[in-house]
1. Do we find that B:Val230 is in contact (Cβ under 8 Å) with a residue 60 or more places away in the chain and either under 21 Å from B:Ile23 (Cα atoms) or more than 14 Å from every other protein chain (Cβ to nearest Cβ) (or both) in this structure?
2. Just to check your reading of the model, which residue among B:Met11, B:Met84 is within 26 Å of B:Val144 (Cα to Cα) and of a type outside the set (Lys, Arg)?
3. Sort through B:Phe98, B:Phe92 and tell me the only one that's part of a helix (DSSP H, G or I), modelled with pLDDT under 90, over 23 Å from B:Leu208 (Cβ atoms) and not polar (S, T, N, Q).
4. So how many residues does the range B:163-216 have that are touching a Phe, Trp or Tyr at 6+ places or on another chain (Cβ under 8 Å), of a type in the set (Val, Ile, Thr) and away from every other protein chain (no Cβ under 14 Å)?
5. Pull up the range A:84-121, narrow it to residues that are surrounded by fewer than 17 Cβ atoms within 10 Å (Cβ to Cβ) and in a strand (DSSP E or B), then point me to the one that is farthest from the other protein chains (Cβ to nearest Cβ).
6. Within the bounds of the range A:6-26, is there any residue that is modelled with pLDDT under 80, surrounded by fewer than 17 Cβ atoms within 10 Å (Cβ to Cβ) and among the hydrophobic types (A, V, I, L, M, F, W, C)?
7. Please pick out the residue among A:Pro305, A:Pro364, A:Pro315 that is closer than 14 Å to A:Gly380 by Cα and out of contact with any Leu (no Cβ under 9 Å at 6 or more places or on another chain).
8. Of B:Val155, B:Val122, B:Val107, B:Val144, which residue is under 30 Å from A:Arg69 (Cα atoms) and of a type in the set (Val, Ile, Thr)?
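The values are calculated or read from the model by the stated rules, or taken from the named source; none is laboratory data. Since this is a predicted model, take the numbers as computed values, not measurements. A quick note on method: Cβ atoms are made from the backbone with ideal geometry, for glycine too, and the neighbour counts reach across all protein chains shown.
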Amino acid sequence: MAQTTTQSGRKIKLEPWQDPKEQPYLRIEKVTKKFGDFTAVDDVSLSIYRGEFFSLLGGSGSGKTTLLRMLAGFETPTSGKIFIDGVDMSNIPPYERPVNMMFQSYALFPHMTVEQNIAFGLKQDRVPRDQIRVRVAEVLDLVQLGRFAKRRPHQLSGGQRQRVALARSLVKRPKLLLLDEPLGALDRRLREQTQFELVNIQEQVGITFVIVTHDQEEAMTMSSRIAVMNSGWIAQVGTPAQIYEYPATKFVAEFIGSVNMFAGRILEDEPDHVLIQSEEAGCDLYINHGVPVPLGTPVSVAVRPEKMSISREPPPVDSGRNVTRGTVREIAYLGNLSNYLIELDSGKMVRITQPNFNRLTEMPITWEDRVHVSWQPFAGVVLTQ
Amino acid sequence: MMRRSGFVLTMLAFGYAFLYVPIILLIIYSFNESRLVTVWGGWSTKWYVGLLHNQQMLSAAWLSLRIAALSATISVILGTMAGMAMARFGRFKGRTLFGGMITAPLVMPEVITGLSLLLLFVSLEQLIGWPEGRGMTTITIAHVTFTMAFVAVIVQSRLVSLDESIEEAAMDLGARPAKIFFVITLPIISPAIVSGWLLAFTLSLDDLVIASFVSGPASTTLPMVIFSSVRLGVTPEINALATIIVAIVTTGIIAAGVIMARQERIRRIDEQMASASNA
């Protein structure tokens, strides 16, 4: 099994979910939560392993926060069970769970100093006073807030409050740390910086993190694995790369990053390739692996914008597959990249991202140019639902 | 600088005159030498001295203060519980109805509240022998009944604006519900509770109608003494008493204002400090 060494020198397994001998640390079994007639979480099962940084990613109303609140014990599942480290959580109230949560609003106690806020959880466990002092100082050091210990929450900036909230939820060394949109209230620059800090801290303390977010970039940057949620069910679970490169459904493909989707029908299906006829694309689509789908089935082929290229001249090897023609309608120059919006001859609009290798060339592709759009056989992903 | 028109200035003067001329007149006449209220006879403070020797007036004032303090304290406890229930019980059928019913005493005519409480006390005495006669106990209970609604409304509105996840965070960190209430919720809403207490105290001190219904022969509150002596003719002594009450109320309001302003200033400085250290 592959291993890596973190900053603190602790060894963790890189991909515990691939090891059949590994026991899941958090097991969610067929959990459903209904509020009246509304099903917020629908028959969700998940296994999360020790030391993971696991993201629940979804839009609003996808049930991700409800699922997190069930882990904390603030909501009770309508059916199904939750096990943490092998223990059934069904009858354990929030104040006895080995779980701590960092709230989206931070929920700091306004009438207590930073120190008192952090010490609160330890006091509830009747930890001796001198030990409380040591552990509070330790965790304040970890989040670099030592000199703000005597301040009240309203004397702190947003980023500092966020770190106090993190320190308060870490100090009890929970088996599981739940984070509800932990970076949602920060401005963009601070958010990017904090993402890496959060990952570093997680590696240092070695606590299993489960984080709820609606920001796919955030989830991609930080997570070991992501569960994409949509209207109460889990659409896909996988590493950020798996989810981006091999989305399981159209919803996942469209939710993570941007994608061009071509509707078509399977013409040829061999173990080493498939050929798909698509009027939308204006050419046949060739993909270099087989799919377990009967001939003639209507499918969609998803191609990421950065995996397509455009040129004025036809590509050198033109097999008539994965090559089509169109007209440039919009160009967005972003410095390192340019985004092109191209209207194919079929009328379908596609989005293409190209790195800007050269300084401004003499004859750059410009508005209303006729161009060839092409991509490699490995670029497309066949989706049936 | 904007030019203020004469018209607006006149309106302003008229409005303030309407509010304050009667009170100023009362204060001036409390220093009147003459026994006749409406005839000016030169400056004097003899009515204030006289007030100090008026045993009936003093004992009524003492009774009123005790009733006000006791009923304000009880109504703060009950009102906080009611406000807590209203804000935290969650949704159920008829919630709006129950919410409305808690605040009904705010708009109930005092005559009706007084009369119904009198009926209750009389029939209770016949049934179980308590409360024995009418006096301080019955007045206090009656005042709790109508001031509790005010406290409940104040506490509820504070709780609604309080982020519920603060209480959840305390629970998540291992505190049980009862402890959360005393260690987290209560300290945070304490300003609302203090202002609820002050309001209940003032309302109780002020009340004439309800107290008249439920008081007994031996228990006469300050408003009752004032009212009955005024019916025999206004004396300058009453003017002096009224002036003292106005002075106490004014001092209280100014003190509260100063404290609030200072807190606001400290908070602003804190926030500046926070944004400076953020940079």
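1. no
2. B:Met84
3. After ruling out the rest, the residue left standing is B:Phe98.
4. 2
5. A:Asp88
6. yes
7. A:Pro305
8. None of the others qualify; the one that does is B:Val155.
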